[in-house]
């Protein structure tokens, strides 16, 4: 008679992994020129999708609100947009040629141009940007090399492949850099670290050149949308403020 061997279950110990948030260092020149600059930062795990019908209903409602409230001439007077434009001027960059992303999105709406549908994570960041006027960087955290990100000023002939636009002249633009190079500016983020359907860890940076006022509310709004539309978990949220 064949005797069946007992099946032995081996229990593998579960190892808790502490998630470390990226460290963002603000360069000395930016600290001197923009003492009010405050960064709103969220890092979290996400489940990205191609699109969300409910999210686009929110975006379309917001579009109508923008059209009812602003014109092409007044959109850049919104405090967050105006402060970012002023930062560009101080750096020697023409904000009418290199527009902050929040302003560019609002202008598309006011010119009756369709907003691009990219993926749910990108689309909701665009919604937040339109709603608040902040230019926001959205990055795949796993594609960022190293643990530290430095905010500095773009250099002449510094390579930067902007998402969907090829090489961007970032000389004079505020730029976030990892160990490999530039990953984002208030005008455009870099192809190398962009969000796509394989992204599972998101880093979002809100650039508040207008200061801390209203930023906490924008972070709470962002967290709500991230939970609602990309099932955000393991959320780390904070602000970085220049103290003088």
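Using a cut-off of under 20 Å, list every residue of the range 189-223 whose amide N is near the label point 7 Å from the Cα of residue 116 along the Cα-to-beta-carbon line.
189-200, 202-207
In degrees from 0 to 90, rounded to the nearest 10, what is the angle of the helix 215-230 Cα long axis to the longest principal axis of the chain?
40
Under the definition of Cα pairs under 8 Å and six or more residues apart, what whole-number percent is the relative contact order of the chain?
Once divided by the residue count of the chain, the mean separation gives 35 percent.
Can you put 89, 78 in order, fewest other beta carbons within 10 Å first?
Lowest count first: 89, 78.
Rg and Dmax of the range 23-241, using alpha carbons, in Å: what are they?
16.0, 44
Compute the length gained on full extension between residue 180 and residue 165: take 0.36 nm times their separation in residues and subtract their Cα-Cα distance, giving the result in nm to one decimal.
My answer for the length gained is 3.4 nm.
To the nearest 500 deg cm²/dmol, what mean residue ellipticity at 222 nm is calculated for the chain from DSSP H runs of n ≥ 4 alone, each contributing -39,500 (n - 2.57), summed and divided by the residues?
About -9500 deg cm²/dmol.
If you take the beta carbon distance between residue 107 and residue 24 as r and set R0 to 35 Å, what does 1/(1 + (r/R0)^6) give as a FRET efficiency, to the nearest 0.05? It would help to have the intermediate numbers written out before the result.
Numbers: r = 28 Å, r/R0 = 0.81.
For R0 = 35 Å, the calculated efficiency reads 0.80.
Give me 158, 103, 179 ranked fewest to most by other Cβ atoms within 10 Å of their Cβ, as a rough exposure proxy.
So the residues, fewest neighbours to most, are 179, 158, 103.
Using a Förster distance of 35 Å, how high is the FRET efficiency between residue 241 and residue 61, based on the Cβ-Cβ distance and rounded to 0.05? Display every interim value, and only then the final one.
Numbers: r = 32 Å, r/R0 = 0.92.
Calculated value: 0.60.
Could you tell me how many degrees, from 0 to 90 and to the nearest 10, lie between the Cα long axis of helix 53-69 and the main elongation axis, the longest principal axis, of the Cα atoms of the chain?
10
Sticking with the crude label model, points 7 Å out along Cα→Cβ, report the distance from residue 200 to residue 32 in nm, one decimal please.
Each label point lies 7 Å from its Cα, and together they span 4.4 nm.
For the chain, find the longest principal axis of its Cα atoms and tell me its angle to the long axis of helix 120-132, 0 to 90°, nearest 10.
40
Each value in this text was obtained by applying a stated rule to the coordinates, not by laboratory testing. Everything quoted here is computed from the prediction, not taken from an experiment. In this analysis, Cβ positions are derived from the backbone assuming ideal geometry, glycine residues included, and neighbour counts consider all displayed protein chains.
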